[in-house]
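The values are calculated or read from the model by the stated rules, or taken from the named source; none is laboratory data. As the structure is a computational prediction, the values presented were derived from the model and not from experiment. Positions of Cβ are backbone-derived with ideal geometry, glycine not excepted, and every protein chain shown enters the neighbour counts.
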Amino acid sequence: MVYDGGVKDQGGEATENQANPSASSSKSDLEKKLGVRHPLKHKRFRAGEKKMADPTSSAVEEEELGTTSAAGATLAEVVASGGADVTAQERSDPEEDDVGYQSGGWKSEDGSLSCGYASFRGKRVTMEDFYDAKSSQIEGKVISLFGIFDGHGGSRAAEYLKEHLFSNLMKHPQFMTDTKLAISETYKKTDCDFLETETSTFRDDGSTASTAVLVENRLYVANVGDSRAIISKAGKAIPLSDDHKPNRRDERERIESAGGVVMWAGTWRVGGVLAMSRAFGNRLLKQFVVAEPEIQEEEITDELEFLILASDGLWDVVPNEDAVLLVRGEEEPEAAARKLTETAYMRGSADNITCIVVKLHHEKITGVDDSPPPPAPTDNQS
């Protein structure tokens, strides 16, 4: 997402392309950009493989691409955030091609979940989406963290969140005892830290953040901006975040009570500029555009099948219910993530498209053994 004037309108272009079929790319166009999928080309989970993630960024700025051609730019090699705190047991290398498409996946060390991610520059010249997916151990407990960060006005804020948000969260003294408080305070602290480090008066980068933190049998979803998180519960799509749009009644009232204005400029915008009501960064609008997250807590039960986190490049053209149906049709989460990004592109998304799919394996979470019981002894057995 970006501002007007080189700046993305998060819904306008995608909506226009939907209304005008000639503006949408055909399936053949998609195949030219992404290539026809082949079982030998796209790697899947490798049983027994152990690999530490390379802590390189999940997106690079335009000057690092070497070219601004949407068809010819090559992204730097990117994998899920790693380092010493990543202990994923099985991990596949992210795929990457010459049009800014990459995907990958891994399974947690304890086998309780598997995740897949896919990120596509799409019709944009530059990539401003970042993602993070990691698994760690704190106090002997497995902690999994997932995040989507969709930048606007540049990629610096989104990249900063990828590099610092989860590390700040895990350092919070109350992370394990009061996770919701820790998430809220960490979001606001990380926003302040970014604004202190970003001193250029010529930039006003901002970013969304949609994150999911799994601690034992609890799921915490936090959101700032218009990236979104949904779950599939007994086959039903349930949103765990509410997009922060300026025309949301409570958000408009909050902005106006702080002295701001919401006006129509192609879509509803704060000050006629920003088409979301909460974000990291955005120094010039900080009085109104806060980074205070809305947090939802969900108990992980057998009905909770999987989680989807994605930037608005997906949600602009793929309804929640469609996303759940698409993921349920794929066994592996990486394949599901790729399916979501490809579907969004084929439906005319004009944005960067990034998503994470997390599938839960309840027998590992609960410790229940699903194997059949041994046969009953017969009279001949001693």
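Any residue in the range 168-181 that is closer than 28 Å to T341 by Cβ, of a type in the set (S, T, N, Q) and part of a helix (DSSP H, G or I)?
Going through the range 168-181, the residues closer than 28 Å to T341 by Cβ turn out to be 169.
Within this subset, residues satisfying the condition of being of a type in the set (S, T, N, Q) are none.
Checked against the condition, which is being closer than 28 Å to T341 by Cβ, of a type in the set (S, T, N, Q) and part of a helix (DSSP H, G or I), the range 168-181 yields no hits at all.
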Which listed residue is surrounded by fewer than 17 Cβ atoms within 10 Å (Cβ to Cβ) and either at pLDDT below 95 or not basic (K, R) (or both), from P246, P239: P239
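Can you tell me which of S241, S277, S232 is under 18 Å from the mean Cα position of the chain (by Cα) and under 24 Å from L165 (Cβ atoms)? Quick ask: steps written out before the conclusion?
Values: S277 fails: under 18 Å from the mean Cα position of the chain (by Cα); S232 fails: under 24 Å from L165 (Cβ atoms).
From the options S241, S277, S232, the qualifying one is S241.
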Subset of the range 345-366 [aliphatic (A, V, I, L, M) and either over 20 Å from G105 (Cβ atoms) or modelled with pLDDT of 95 or more (or both)]: M346, A350, I353, I356, V357, V358, L360
Out of E305, E298, E331, E294, sole residue that is among the charged types (D, E, K, R) and surrounded by fewer than 14 Cβ atoms within 10 Å (Cβ to Cβ): E331
Residue satisfying condition, being out of contact with any Asp or Glu (no Cβ under 6 Å at 6 or more places or on another chain), surrounded by 23 or more Cβ atoms within 10 Å (Cβ to Cβ), at pLDDT 95 or above and closer than 15 Å to V224 by Cβ, within set Y131, Y160: Y160
Selection count where residues are within 15 Å of the chain's Cα centre (by Cα) and either of a type outside the set (S, T, N, Q) or not in a strand (DSSP E or B) (or both), scope the range 125-151: 15
Condition met for R283 (under 26 Å from R203 (Cβ atoms), surrounded by fewer than 24 Cβ atoms within 10 Å (Cβ to Cβ) and not aromatic (F, W, Y)): yes
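Kindly establish whether V270 is touching a Phe, Trp or Tyr at 6+ places or on another chain (Cβ under 6 Å) and surrounded by 15 or more Cβ atoms within 10 Å (Cβ to Cβ).
Working: touching a Phe, Trp or Tyr at 6+ places or on another chain (Cβ under 6 Å): yes; surrounded by 15 or more Cβ atoms within 10 Å (Cβ to Cβ): yes.
Against the criterion (touching a Phe, Trp or Tyr at 6+ places or on another chain (Cβ under 6 Å) and surrounded by 15 or more Cβ atoms within 10 Å (Cβ to Cβ)), V270 qualifies.
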Residue pairs meeting the criteria (Cβ under 6 Å; at least 6 apart or on separate chains; first at pLDDT below 95, in the range 177-203; second outside any helix (DSSP H, G or I) and crowded, with 16+ Cβ neighbours inside 10 Å): R203/G154
Single residue of E321, E256, E330 found to be more than 16 Å from I231 (Cα to Cα) and not in a strand (DSSP E or B): E256
Failed item in (1) within 24 Å of the chain's Cα centre (by Cα); (2) over 27 Å from L165 (Cα atoms), with E253 passing the rest: (1)
Test set (1) within 15 Å of the chain's Cα centre (by Cα); (2) more than 20 Å from I148 (Cβ to Cβ); (3) not hydrophobic (A, V, I, L, M, F, W, C) - S207 fails condition number: (2)
